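S.K.: Dropping the structure in here first, questions after.
The values are calculated or read from the model by the stated rules, or taken from the named source; none is laboratory data. Predicted model only: the values in this text are computed from it and were never measured. Cβ: placed from backbone, ideal geometry, glycine included. Neighbour counts: every protein chain shown. Surface areas here come from the heavy atoms of the whole protein model, side chains and all, with no ligands, DNA or RNA. Shrake-Rupley method; radii C 1.70, N 1.55, O 1.52, S 1.80 Å.
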Amino acid sequence: MEPFESTTAAKSPSLFLLPSWTKADDRLTAGFSSRLGGISASPWNELNVGLHVGDSAEDVVRNRDLIAEALGWPFEAWTCAEQVHGSRVHRVTAEDRGRGRESRESAIGDADALMTNEQGILLASFYADCVPLYFWDPRREAVALAHAGWKGTVAEIAVRTVEAMVEAYESQPADILAAIGPSIGGCCYEVDENVLRHVRPLLEELSAHGIAEAGSEERVAVNPSSPGKARIDLKEINRQIMIKAGILPTHIEITQWCTGCRTDLFFSHRTEQGRTGRMASWIGLGRGAARA
Ligand SMILES: [Zn+2]
């Protein structure tokens, strides 16, 4: 069953929420924004939340605030990092709250994963095809969010994030729930040898660990479409890496939404050849101060 459920209200941002988690704990929010319901002009229409893609900063900040408003969270709680396709995990505390929400200069530097166990902090990161990974330890009341493009996937950012949660919050991997959000599917993500030579050793290792189930190779590296190229499924690879990190397969929810197929709903760097906006993933505990 599709874990991300679309919510649409007139003239407000169209968002994808994770009801299976928020029904289990109504102090939690987790989701992904669509491209619909914001104020940005083409090619960032409409709900662009990326400050680094040439759009007006004022419009981007307004779009972010619209999302916060729709969630019933204060915009001051939005906390973002400068994503660099690495695998560093940053532990977010009250001192970081609000960093990067209005400018890139104030963002947390060099971090593709954020985690916190503090209430009232909304961790946010930005996407156009890369894979958003969500982590929630209900026992230790900690959350994390990781950005996995092919580089972050090869660097096993899901493993790094789980290790960081174990270290910082004494999480047990078997307690952690995970979700894999809207991102590019194997249907739309063809890569060449420059990427494949990094991905292949990882796939071999996952296979050697017995994590890849029978037949899953097909979903991971789909029919070589032309010589030297293959289509890969980053969502499935990240699911297997989560299992390697100790997360139970039954604790992982994975979306069917492909950003490349659905540019009516999502921005896609690949399908739109780089001229597009960014969507947000977010996760947070508690609600912080009520909106003024
Ligand atoms: Zn697709």
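S.K.: So, R0 is 35 Å and r is the distance between the beta-carbons of Ala208 and Glu167; what FRET efficiency does that work out to, to 0.05? If you can, show how the numbers build up before the last one.
M.R.: On the way: r = 26 Å, r/R0 = 0.75.
It comes to 0.85.
S.K.: Hey, another quick one. Taking the Cβ of Arg64 as the center, what net charge do the other residues with Cβ under 12 Å away carry, scoring Lys and Arg +1 and Asp and Glu -1? Display every interim value, and only then the final one.
M.R.: Values: positive: Arg62, Arg101, Arg278; negative: Asp55, Glu58, Asp59, Asp65, Glu69, Glu76, Glu102.
Taking every Cβ under 12 Å from that of Arg64, the sum is -4.
S.K.: Rank these residues by their accessible area, most exposed first, probe 1.4 Å: Glu156, Glu82, Glu58.
M.R.: On the way: Glu156 25, Glu82 55, Glu58 150 Å².
The residues order as Glu58, Glu82, Glu156, largest area first.
S.K.: Within region 237-275, list the residues whose amide N lies under 19 Å from a label point set 7 Å along Cα→Cβ of Ala41.
M.R.: 275
S.K.: To the nearest Å, what is the center-to-center distance of region 1-66 and region 125-151, using C-alpha atoms only?
M.R.: Each part reduced to its Cα centre gives a spacing of 16 Å.
S.K.: Once every DSSP H run of n ≥ 4 in the chain is given -39500 (n - 2.57) and the sum is divided by its residues, what mean residue ellipticity at 222 nm do you get, rounded to the nearest 500 deg cm²/dmol? Don't jump to the answer; show the numbers that get you there.
M.R.: On the way: 7 runs with 69 residues, N = 292.
Using -39500 (n - 2.57) per qualifying helix, the result is -7000 deg cm²/dmol.
S.K.: Follow-up question, since we're still on this one. Calculate what fraction, in whole %, of the accessible area of region 1-84 sits on carbon and sulfur atoms when a 1.4 Å probe is rolled over the protein chains. If you can, show how the numbers build up before the last one.
M.R.: On the way: 1840 of 3530 Å².
Carbon plus sulfur share of accessible area: 52 percent.
S.K.: Just read off the accessible area of Cys261 with the full protein assembly in place, 1.4 Å probe, to the nearest 10 Å².
M.R.: 80
S.K.: Can you compute the charge dipole magnitude of the chain about its Cα centre, using +1 on each Lys and Arg Cβ and -1 on each Asp and Glu Cβ, nothing else charged? Give it in debye, rounded to the nearest 20. Don't skip to the answer; put the middle values down first.
M.R.: On the way: 30 positive and 40 negative charges, 63 e Å.
Here the chain has a charge dipole of around 300 debye.
S.K.: OK, next. Ignoring ligands, DNA and RNA, what percent of the accessible area of region 148-257 is carbon or sulfur (1.4 Å)? Walk me through the intermediate numbers first.
M.R.: Details: 2490 of 4790 Å².
Summing carbon and sulfur atoms, their accessible area is 52 percent of the total for region 148-257.
S.K.: Which residue, His251, Thr271, Gly228, has the largest displacement toward the positive end of the dipole of region 228-275 when charges sit on each Cβ (Lys, Arg +1; Asp, Glu -1)?
M.R.: Towards the positive end, the residue furthest out is Gly228.
S.K.: Dipole of region 40-158 (Lys/Arg Cβ +1, Asp/Glu Cβ -1, origin at the Cα centre): which of Val143, Ala124, Ser40 lies farthest to the positive side?
M.R.: The residue sitting farthest along the positive end of the dipole is Val143.
S.K.: What is the sum of charges around Phe126, taking Lys and Arg as +1, Asp and Glu as -1, for the other residues whose C-beta is under 13 Å from the C-beta of Phe126?
M.R.: Numbers: positive: Arg35, Arg64, Arg101, Arg104, Arg278; negative: Asp55, Glu82, Asp112, Asp129.
Once all neighbours under 13 Å are counted, the net charge is +1.
S.K.: Leaving out ligands and nucleic acids, and using a 1.4 Å probe, what accessible area per residue does region 58-104 come to in Å²? Don't skip to the answer; put the middle values down first.
M.R.: On the way: 2080 Å² over 47 residues.
For region 58-104, the per-residue accessible area is 44 Å².
S.K.: Oh, and also: Give me the net charge of Met165's neighbourhood, meaning all other residues with Cβ under 12 Å from the Cβ of Met165; Lys, Arg count +1, Asp, Glu -1.
M.R.: Details: positive: Arg91, Arg139, Arg140, Arg160; negative: Asp137, Glu141, Glu163, Glu167, Glu170, Asp175.
Net charge in that neighbourhood comes out at -2.
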